[in-house]
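The values are calculated or read from the model by the stated rules, or taken from the named source; none is laboratory data. These numbers were taken from a predicted model, which means no experiment stands behind them. The protein model used for the area step is the full one, side chains on, heavy atoms only, and it has no ligands, DNA or RNA in it. Shrake-Rupley method; radii C 1.70, N 1.55, O 1.52, S 1.80 Å.
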Amino acid sequence: MADYPTETCRSCPAQIIWAVTERGKPMPVDAEPTPDGNVLLEQLPTGLRARVLPAHRAFGRKSHFASCKDAAKWRRR
């Protein structure tokens, strides 16, 4: 498993990895994989990409928006 640079979430003590979605949006991702995680990280020449998998193919990481108790205050509308 690849090691990616992590940082601490500004709202909780969780370690997160910053990646970019297929649509070019920044996405915080939990650093630790989980059995119900559906985010696959891919290292590309342009940077780290987060790809959301269908639930039936899951075992990856979770979007930190799904696990952070303060996620709503960071979402852009």
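Computed over the chain, relative contact order equals 27 percent, with contacts defined as Cα pairs under 8 Å that lie 6+ residues apart. What part of the accessible area of the chain, given as a whole %, is carbon or sulfur when the probe is 1.4 angstrom? C and S fraction of accessible area: 53 percent.
Rounded to the nearest 10 square angstrom, Arg49 shows an accessible area of 70 square angstrom against a 1.4 Å probe. The lysines whose alpha-carbon is closer than 19 Å to the alpha-carbon of Lys25, local same-chain residues fewer than 8 away aside, are Lys62, Lys73. Helix-only arithmetic for the chain: the sum of -39500 (n - 2.57) across DSSP H runs with n ≥ 4, divided by the residue total, places the mean residue ellipticity at 222 nm at -500 deg cm²/dmol. For the chain, the gyration tensor built on C-alpha atoms gives a rounded shape. Its axis ratio a/c (a ≥ b ≥ c) stays under 1.5. Based on protein heavy atoms only, the chain ends up with 71 Å² per residue of surface accessible to a 1.4 Å probe.
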